Each structure stands twice: as structure tokens, then as C-alpha cells.
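Values in this text are rule-based calculations from the coordinates and carry no lab data. Please read all numbers here as calculations on a predicted model, not as lab measurements. Quick reminder, even Gly has a Cβ in these numbers, built from the backbone with ideal geometry, and neighbours come from all protein chains shown.
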Amino acid sequence: MAKSGSDGGRPDEPAAVGRRVQLLRAERGLTQRQLAEPAYTPAYISTLEAGKVRPSEAALRHLAARLGVTPEELAPGRPAHLAADLRLRLTDARRALATGAPEDAATLFRGLRAEAVEHSLPTEEAGALLGLGECLLESGELAEARDCFGAAEQLLADEPLTRRVPAVRGRASAHRLSGELRYACYLLETTLDELNASGLHDPDALLLLYTASIAPYLDMGARVRAARAAELALALAPRVDDPVLLAGMHRGVARTHIAEGRIAEADASLAKAQALYQQLHISTDLAHCHWMRGYVHAQHGDLERAESELCTARAMLTSKRAVLFTEQVEVELADVLRRRGKVHEAEELLRPLLTTGEADTEPLRVGRGAVHAGAAHRLLGLIAEQRGDDTAAEEHYHAALPLLERADATGDMADLCRLLGDLLRRAGRVEEALDTYRTGLAHRATPGTITLGPAPAGLPM
């Protein structure tokens, strides 16, 4: 066996590790392909043996298992068991995020990232960045979340694409919440196509991507694509064991059922998701299930139950200090309150969301919940119309238009143009009304056609 001291330089430097891997592989008569498979490629092994890349902890574990040695024998300069200890503490931090406030978990993830950087553990650093990104999503710091997910992708650039998928999904989620629906779809579609073309048919990665694509498709009005993504996710489910992925899949599928009016099936999917989130003690996602149930009841006229579910979701998200999601629930709760005749309560919920607040509780705006900001203006416009204040109603409708247009929320845009057109027509401004109706019809005609580009590749079976 090659001895670490004979390689020269620091024993954990990429060149030294590469030489040890090459010598051990030659001793065992393995080709680069045999050493690489099934998780890596021969090109990665060639790059590693040339000393051009520092192997991640995951790569070291894979190589050590294939070569019949310990990871410490391949990179002896690394503190023993540090990586394993960091991974355990990452699990604890993720548990803290599931049950507590995002800013508290963020402190844990930042500390773990610092340790991983200090000891040159890129895989563990990427894990800390992923966790930190999720914390920032919940608190509504979307630009910072995108940066975290992007940095995690860069750290994993030399890893198989399947390992980068959670970072891609996180970045797409941040773009979607910012109102950049088309770019979120682009990220997910191109990653799916690359994954399918590469032959890395990892069920977990594919399920995560197909599930993540459902929400932006529906927000853009591309219901056919959302339904296809849900169909492919359901086909993958029997091959996936991760309960978090399965719960997310059931929640995503429920959204497509709601969009298609299949309420009983939506309710069944939500029940499965809710049961899993309760077992896993994941508070934010459990609140999202209550949120969706409230939406279902509202769509079918059971406003009392809708209010109850949305209030439950709001209370859970408030206790978690998940600021952005709380604000979004408040918009939908305000709609239910308005429909129940509680107009003053609805206005009290909506107005603070559109008024500049403190730095840690910024309201809905462009780049941060744009779709819900547009919805809030739409609701205030409807309330103004009920009071007979057409001038205020028109102002709110005009404020909502650029928010929804920028987000490519085509269905909401078409509905808003109808409301504004009706208002203008009643005021005798017929030409303006016709122009507004035409704009709405144009948006209604486009979803799921040329705006999204080619459909993602189908599931390889």
C-alpha cells in the first residue's frame, strides 16, 4: 500500500490525494471507470488523480470503499471523524429549522459552514449553505437565499449532477417567490433535461425536480405541464424512500388536483402529506397543508372552514417567524374575510403588507412575493369598488398590473384585466376598457405555449 508520507507536500492536498488514489487503484487492478461507478464518471477520477480537484467528503467515502481503505488513509491530514460530526450537527440544525424559527437555525448553519471552511470540507459546507438558504427562504430574504444556493452549487460543481439538484431546486424556489416564474421554470427544465440526458436516473433527484416544477407552472397558468409533472412524480414515488420528498410530492400533486377541480383527490393527497409532516415534526410544511386546505374550502364556498384553516396556518407560520409565508397566507385570509362580509378585518390585514415596514418585516413588494402583492392590490380594489370609490379601485388595479405581468402570472393577469376593463366600461371609457380586455385575452391565450419554451424531457422508464 502507498504510504502517505512518500507523496510530498501536505498529505491532504489534492495532488497528494490524487497520487494515493492512482497508486491504490493500480495496485488493485481497477480501471478509472470501475473506480468511478456508479456515483461518478471516469473523467472525474482522471481529474482527481491529476490533482486538479479536491475530493469532497462524499467522494472520499466512495473511493475509500471501492479501494478497501478508510477515508483518513486517502486524506490523512484531515481531523478524524470531523466530517461525520459536522454531518450529525447539520441534521440537528435541520431539525431546529423544522420546529423553530428560521433565524435561530440560520445561526447554527452559519457556524457549521465556518467550521467546514476551516477544515476544507466542501460537501459539508454545501450542506450548511443549503440549510441556510432554506432559513432565508422562510424569512423572506430571497436574494441572500439565492446566493446561498448558488454557492452550494459551485462547491458541488465537480460532483455528479444528482448531488447539485437540491441546490438547483432551492435557487428555483427563491426565483419563484421573487416573482420570476419563467426563470424558475427554466432552471428546473434545463436541469431535468441534463439529468435525463446524462443517464443519471436518480429517482430522488427526479422526484424533487418534478415536484418543484408544479408550483411555478400553475402560477404561470401552464396547467397541462403541471399535471404532467405531477404524473411523472407519482410514477417515481414507489422508487423513493425519503419521507420528506414523498410528502412534498403529495402536496404538489394536491395543487394540480385543485387546479383541475378534483377536490376529493386533492384532499386525499393533502391528508397523506399532512400525516408525513406531522410524523416528521416539520412545522412550516404542515402549515402549508392547512393553507392549501383553506384554499380548497374557499374555492368551493365553505368560507367558515376556509377561514379556520387559514387562521391555523397563519398562527403556525407566525409562531415560526416565517415572515414571507405568513404575509402570503394573510392575503388569502383577507380574501375569505372579504367574501364573508368582514371587510374592515380584511383591510386591516392587507394594508400593512403594502406599506414600508421595519427591515426585519418588509412587506410584500416587487422581488419579494410579487404575485401575492398583486393579489393584495386586487382585493383592495374590490373593496374600494364595494364602497363606491372607483378612483381608489382603479389605482389598486393599476398597481397590481405590473406586479403580475413581471411575474408572468397569466391567469391572475387576465382576471385583473377583466376587473379593470369592467370598471372602465362602467365609467364610459370604452376605448380604454377594450384595450384592457385585449391585454387580458392576450395573457389568457399564452400560458403553456410559446412562453415556456420546450417541455421538459419525459421520465426515463
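Taking the Cα atoms of segment 248-310 alone, what are Rg (to one decimal) and Dmax (as a whole number) in Å?
11.0, 32
Could you tell me, in Å, what Rg and Dmax come out for the Cα atoms of segment 11-86?
Answer for segment 11-86, Rg first and Dmax second: 11.4, 34 Å.
Specify, per residue and in Å³, the volume enclosed by the convex hull of the alpha carbon atoms belonging to segment 92-216.
Value for segment 92-216: 99 Å³ per residue.
Compare the Cα positions of His300, Ala275, Leu324 along the charge dipole of segment 274-326 (+1 at Cβ of Lys, Arg; -1 at Cβ of Asp, Glu; about the Cα centre) and return the one farthest towards the positive end.
Leu324
Over segment 214-360, what lengths in whole Å, largest first, do the semi-axes of the equivalent ellipsoid take, defined as the square roots of 5 times the eigenvalues of the alpha-carbon gyration tensor?
In descending order the semi-axes read 27, 18, 15 Å.
From Cα pairs below 8 angstrom and at least 6 apart in sequence, can you work out the relative contact order of segment 207-342, rounded to a whole percent?
Averaging sequence separation for qualifying contacts and normalising by length gives 16 percent for segment 207-342.
Would you mind classifying segment 132-197 by shape? Square roots of the alpha carbon gyration tensor eigenvalues, ordered a ≥ b ≥ c; an a/c under 1.5 is rounded, otherwise it is prolate if a/b is larger than b/c and oblate if not.
oblate
Please compute the contact order of the chain in relative form: average sequence separation of alpha-carbon pairs under 8 Å and at least six residues apart, divided by the residue count, as a percent.
It comes to 11 percent, rounded to a whole number.
With charges set only on the Cβ (+1 for Lys and Arg, -1 for Asp and Glu), what does the dipole of the chain come to about its Cα centre, in debye to the nearest 20?
1020 debye
Give, in nm to one decimal, the length gained when the segment between Ser319 and His344 is fully stretched (0.36 nm per residue of separation minus the Cα-Cα distance).
Between Ser319 and His344, full extension yields 6.6 nm more.
Hey, got the dipole for segment 241-294? About the Cα centre, +1 on K and R Cβ, -1 on D and E Cβ, debye to the nearest 20?
Computed charge dipole of segment 241-294: roughly 160 debye.
What list do you get for Glu73, Glu345 if you sort them by fewest beta carbons within 10 Å?
Glu345, Glu73
How do the peptides 311-323, 283-295, 428-440 rank, highest first, by the average count of neighbouring beta carbon atoms within 10 Å per residue?
Highest to lowest by the protection proxy: 283-295, 311-323, 428-440.
Once each part is reduced to its C-alpha centroid, what is the distance from segment 131-168 to segment 287-312 in angstrom?
Using only Cα atoms, the two centres lie 31 Å from each other.
Quick one: length gained pulling Ala275 to Val430 fully straight, 0.36 nm per residue minus the C-alpha distance?
50.5 nm
Out of every Cα pair in the chain, what percent are spaced more than 29 Å from each other?
Here the tail beyond 29 Å accounts for 53 percent of pairs.
Can you quote the Å³ per residue value for the convex hull of the Cα atoms in segment 151-273, rounded to an integer?
Spread over its residues, the Cα hull of segment 151-273 gives 99 Å³ apiece.
Could you give the nm distance between label points at Ala264 and Ala84, where each point is 7 Å from its Cα heading toward the beta carbon?
5.2 nm
How would Arg262, Arg169 line up from fewest to most surrounding beta-carbon atoms within 10 angstrom?
Arg262, Arg169
Where does each of 44-52, 136-144 land if you order them by average Cβ count within 10 Å, highest first?
Final packing ranking: 136-144, 44-52.
Calculated from DSSP H runs of 4 or more alone, at -39500 (n - 2.57) each and per residue, what is the 222 nm mean residue ellipticity of the chain, nearest 500?
-24000 deg cm²/dmol
Using Cβ counts within 10 Å as a stand-in for footprinting exposure, how do His281, His300, His175 rank, fewest first?
Ordered by Cβ neighbours within 10 Å, fewest first: His281, His300, His175.
Given R₀ = 35 Å, FRET efficiency for Asp415-Ala237 by Cβ-Cβ distance, to 0.05?
It comes to 0.55.
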